[in-house]
Amino acid sequence: MRRILIDACCGPCSLAAMDAIPWPDYSRHYLFYNPNIHPFREYRRRLESFESLMAEETAEYTMLPYEPEEWIRAVAYREESRCEMCYRLRLRKAADLAMEEDFDSLTTTLFASPYQDHDLISLLGDSICRSRGFEFLVWDGRPYYQETLKRARERDMYTQSYCGCIMSERERYDKRAGWQKKDERP
């Protein structure tokens, strides 16, 4: 049986991957590495939700240390391309682990979200994996997104309201408050 490492951003998206990834011939192993999540309390909530799901489903997983400094270094002075830098950082770390542990393939639960750039993730993942000699598998969980959120809430899983980084959190609250530009803030 082939082995796939699944980069996991959170519990609900991992739930989507469990249902939507159409590869029955793969032994699945999940990876939780999310240096982008801010603040630390948010990181803990997402990790607890993820670990609870893994325990309930008796799924194998690895958790790497929380390294917000790595994410800050990756995106500093590149705020306009922060998502690309974040994807790149996390997929490289996942690919390194996949290579060390002899996985055949890598994918990510980021494909579960309609808010992520699937084309960019596919491009980066394919390039990173090809350079290490294994495949990056693409799937599309967007059609199941609302149903997955509903199921996650029925299971009392924590569902977050922003991607995780400090900038996305600010944008979320700025939009709610109606602030569109920096010079319009009180």
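Please treat every number below as a calculation from the coordinates, not as lab data. Because the structure is predicted, anything quoted here is derived from the model rather than measured. When we count neighbours, we look across all protein chains shown, and the Cβ atoms used for this are built from the backbone with ideal geometry, even at glycine.
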| Any idea what angle helix 166-177 forms with the longest principal axis of the chain, computed on alpha-carbon atoms, 0 to 90 degrees, nearest 10? | 50 degrees
| query | How much net charge surrounds Arg130 when only the other residues with a Cβ under 15 Å from the Cβ of Arg130 are counted, with Lys and Arg +1 and Asp and Glu -1? | reply | -1
| task | Would you grab the residues whose amide H sits under 5 Å from the one on Thr108? Only those 5+ places off in sequence or on another chain, please, with H modelled 1.01 Å from N. | result | Asp7
| Computed [θ] at 222 nm, helices only, for the chain once each DSSP H run of length n ≥ 4 contributes -39500 (n - 2.57) | -15500 deg cm²/dmol
| If one takes the longest principal axis of the Cα atoms in the chain, at what angle in degrees, from 0 to 90 and to the nearest 10, does the Cα axis of helix 11-20 lie? | 40 degrees
| said: If you average 1/r across every pair of different Cα atoms in region 12-89 and take the reciprocal, what Kirkwood value do you get, in Å? | reply: 14.0 Å
| request: Give, rounded to the nearest 20 debye, the magnitude of the charge dipole that the chain has about its Cα centre when Lys and Arg contribute +1 at Cβ and Asp and Glu contribute -1 at Cβ. | output: 640 debye
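Relative contact order of region 31-115: what whole-number percent is it, with Cα pairs under 8 angstrom and at least 6 residues apart? Mind showing how you got there, number by number?
On the way: 49 pairs, mean separation 25.7, N = 85.
Reported as a whole number, the value is 30 percent.
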| field | In Hz, Karplus ³J(HN,Hα) per residue of region 103-110 (6.51, -1.76, 1.60; θ = phi - 60°; x = Gly, Pro) | value | 6, 8, 8, 9, 8, 9, 6, 4
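Loop by DSSP (not H, G, I, E, B), at most 14 other beta-carbon atoms within 10 Å: where is the longest site-free stretch of the chain for GluC sites (Glu not before Pro)?
Details: sites that count: Glu57, Glu101.
Maximal segment without exposed cleavage sites: 102-186.
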| With Cβ to Cβ distances under 12 Å as the rule, what net charge do the other residues near Arg3 carry (K, R +1; D, E -1)? | -4
| field | Order of Phe32, Phe50 - criterion: other Cβ atoms within 10 Å of each residue's Cβ, fewest first | value | Phe32, Phe50
| said: Could you tell me the relative contact order of region 2-184? Use alpha-carbon pairs under 8 Å, at least six residues apart, and round to a whole percent. | reply: 30 percent
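Taking the Cβ of Ala55 as the center, what net charge do the other residues with Cβ under 13 Å away carry, scoring Lys and Arg +1 and Asp and Glu -1?
Working: positive: Arg155; negative: Glu48, Glu51, Glu56, Glu57, Glu60.
Taking every other residue near Ala55 into account, the sum is -4.
By DSSP, what percent of the beta bridges with both residues in the chain are antiparallel, rounded to the nearest 5? Show your work: numbers first, answer last.
Working: 0 of 17 bridges.
DSSP beta bridges in the chain are roughly 0 percent antiparallel.
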